[in-house]
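Undergrad: Questions regarding the structure given below will be posed in turn.
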């Protein structure tokens, strides 16, 4: 009977951390990245959830290395009115592309801060 309890506890623990060993498996890492991106899209205006997903991405080594996750964080932080966090995530990108710049510019515009995104002469 104790082995059943142990099995149940192990399966519960595995369900709580579905990608516990993803660093060793590139396929699991890719799946985890997709899961994080989808989760960010569902965050809406829940800054705490975005921060938790951000922490998970850092823990799994996907932030800032995975540009898709980092750009999704920028976009989500803007949706949550967390401008400072969006800026910090953007600054951590090792390289910026059209998508990441678009996330910044549209985020500033949605926050009514379009002048910040305008180039200075």
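Undergrad: Where does each of 97, 49, 66 land when they are ranked from fewest to most other beta-carbon atoms within 10 angstrom? Display every interim value, and only then the final one.
TA: Working: 97 10, 49 16, 66 20.
Placing the least packed residue first, the sequence is 97, 49, 66.
Undergrad: I've got another one for you. To make sure I understand, if each residue's beta carbon is the centre and we count other beta carbons within 10 Å, what order do 60, 41 fall in, fewest to most?
TA: 41, 60
Undergrad: With each pseudo-label sitting 7 Å past Cα toward Cβ, what's the residue 41-residue 84 distance in nm, one decimal?
TA: Those two pseudo-labels are separated by 3.0 nm.
Undergrad: Put a dot 7 Å past each Cα toward the Cβ at residue 28 and residue 92; how far apart are the dots in nm?
TA: Spacing of the two 7 Å Cα→Cβ label points: 2.2 nm.
Undergrad: In terms of the ratio Rg/(2.2 N^0.38 Å) built on C-alpha atoms, what value belongs to region 24-117?
TA: So region 24-117 has a normalised radius of gyration of 1.03.
Undergrad: On to the next question. Once you put a point 7 Å from the Cα of residue 67 and another 7 Å from the Cα of residue 117, both along the Cβ direction, what distance in nm separates them?
TA: Once both label points are built, they end up 1.9 nm from each other.
Undergrad: Hey, fewest Cβ within 10 Å first, where do 38, 51 land in order?
TA: Arranged by neighbour count, lowest to highest, 38, 51 become 38, 51.
Values in this text are rule-based calculations from the coordinates and carry no lab data. Here the structure is a predicted model, which is why all the values come from computation and not from measurement. Cβ coordinates were reconstructed from backbone atoms using ideal geometry, including for glycine residues, and neighbour counts include every protein chain displayed.
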